[in-house]
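Enquirer: Got a structure for you, written out below as C-alpha cells; questions coming shortly.
Values in this text are rule-based calculations from the coordinates and carry no lab data. Please read these numbers as outputs of a predicted model, since none were measured by experiment. For neighbour counting, all protein chains shown are included, and Cβ atoms are generated from backbone atoms with ideal geometry for every residue, glycine included.
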Amino acid sequence: MRIVELLLDEESLQAGIQAISIVEAPAIEEDFVALKEQERVELKTMDEDKRLLLGAALVPNKPIYRRSGDDEYYIYFSQDTVRKASELFFINGNQNKATLEHQIDITGLSVVESWIIEGEQDKSKLYGMDLPVGTWMVSMKVHNDEVWNDYVKEGKVKGFSIEGYFVDKVEASKQSPEEDKAEEQLNAIKAIIKKDLRTKKGKRTELETYKDYPTSVRNNAKRGIELNKKVNNKCATQVGKVRAQQLAKGEAISVETIKRMYSYLSRAEEYYDEGDTKSCGYISYLLWGGKSAKRWAESKLKSLDKI
C-alpha cells in the first residue's frame, strides 16, 4: 500500500489548517485529555474555572489510513510540516475556528495554548501522554455549554482532528496548471469523519447547518460521481469527492462549507464547459453541485448576511 507525504503549498492562500474539529474517532488516534477540575492544579497558569481540552493536533511521521473509492493508502506529515502548519494556523488567525465531527461549525471554542514537543521533559507527560518529539500539542478552551455538557462530559468526543489543505508530494508534480486552478490549486486532503450527531434524546443538536439546497444540486453531484467513475476517479481533490457524497445524500452542511462551495464554484466556473462532459473541469464542477449550487450558496449566504 502506498504512503503519501503531505506538504504545505505555501504559495496558496488556503494552505494549512483552517480549523480544529473535536471528534469521537480522531484520525491521529491520540485522545485528548479533558481537564477536570481536580486536574487543573497540574497546569499552574490555568484558573480553576476554565474548561480545557488538551491533546495532540498533529503527530509527525504517523501513518494515517485513507481510502478514496477503491484506492487505499496512508498519508503522513513530517516534523517540518507539522511545525510549519502549527505556525500558519495562528498566522492566519484560525485559533477560534472549530467544528464538531467536521460537520458543524461551533462557536465558543478557542485554542489558547500551542506548543511542539521538544523532548522527554514535556508537560504532556503530566497527563499520561507518550507522544513523539515534533508533535503539535494544543489546549482548547470550551466556553460553549452545549458542547461541554452534551459532548465532552458525555464522552462523545475523544480527540482533535484537523481540517486543512495540503499538497500530495507525488501528485502535485503531475497536475497541469489548468487542473491545478480548477481543483483549488492543490490536491487537498481533509480529515473528514462522518458521524450522525445526535443528543441522548435522539434529536440533532441545534447548531447551524442547512440542507435546503434544491434537488438539482443533489442530481448534479450524483452525475459528477458517475462521470468521475468512468474516468477512474481521476478528477477532483479528496475534498471535492467528499463534498459530492455529502450533497448527493442530501446531508446538512455548515455555513463554512457553503462559503467554500461558493468560493470554489465562482473561481472554477471558467473551466466548466457544458459540451465537454469528460473533462475534469466539467466533472469537478458537478461534484460541487454545479451552477444551481452556486446560485443557492450565494442566495443562502446573502440571506444570512455572510456575503
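Enquirer: Give me the number: length gained by fully extending Ser263 to Asn61, i.e. 0.36 nm times residue separation minus the C-alpha to C-alpha distance, one decimal in nm.
Expert: Contour length minus the Cα-Cα distance gives 69.5 nm.
Enquirer: Could you pull out every residue, at least 5 positions away or on a different chain, whose amide H is within less than 5 Å of the one on Val4? Hs are placed 1.01 Å off N in the peptide plane, and Pro or chain starts have none.
Expert: Tyr74, Ile75, Tyr76
Enquirer: Applying a 10 Å radius around every beta-carbon, put 266-272, 90-96 in order of their mean neighbour count, most first.
Expert: 266-272, 90-96
Enquirer: To continue, here is another question. Packing-wise, with mean Cβ within 10 Å as the measure, how do 97-103, 125-131, 81-87, 286-292 rank, highest first?
Expert: Averaged packing, sorted descending, gives the order 286-292, 97-103, 81-87, 125-131.
Enquirer: Calculate how large, on average over all directions, the projected area of the Cα convex hull of region 219-271 is; give the answer in nm² to one decimal.
Expert: Projected area, direction-averaged: 3.8 nm².
Enquirer: What are the radius of gyration and Dmax of region 209-307, computed over its Cα atoms and given in Å?
Expert: Reported Rg and Dmax, both Å: 12.4, 40.
Enquirer: Let me ask another. Got a sec to turn the phi values of region 211-218 into Karplus ³J(HN,Hα) couplings, 6.51 cos²θ - 1.76 cosθ + 1.60 with θ = phi - 60°, whole Hz, x for Gly and Pro?
Expert: Values, residue by residue: 9, 8, 6, x, 4, 4, 5, 4 Hz.
Enquirer: Another question about this same structure. Out of residues 5 or more away from Glu113 or on other chains, whose amide H comes under 5 Å of its own, with H placed 1.01 Å from N in the peptide plane?
Expert: Distant-sequence amide H within range of Glu113: Ser139.
Enquirer: If you don't mind, another one. With a sphere of radius 12 Å drawn around the Cβ of Asp105, what net charge do the other residues whose Cβ falls strictly inside it have (Lys, Arg +1; Asp, Glu -1)?
Expert: Computed value for this residue: 0.
Enquirer: Considering only Cα-Cα distances, which of the following residue pairs are longer than 29 Å: Lys158/Lys229; Lys97/Lys158; Lys156/Lys222; Lys153/Lys302; Lys123/Lys156; Lys156/Lys294?
Expert: Correct reply: Lys158/Lys229; Lys156/Lys222; Lys153/Lys302; Lys156/Lys294.
Enquirer: Let me ask another. Find how many whole Å separate the alpha carbon centroid of region 229-293 from the alpha carbon centroid of region 80-139.
Expert: Each part reduced to its Cα centre gives a spacing of 31 Å.
Enquirer: Now a separate question. Under 5 Å between amide H atoms, partner at least 5 residues away or on a different chain: which partners does Asn61 have, H built in plane at 1.01 Å?
Expert: Residues meeting the criterion, in which the H sits 1.01 Å from N, are Phe77, Ser78, Gln79.
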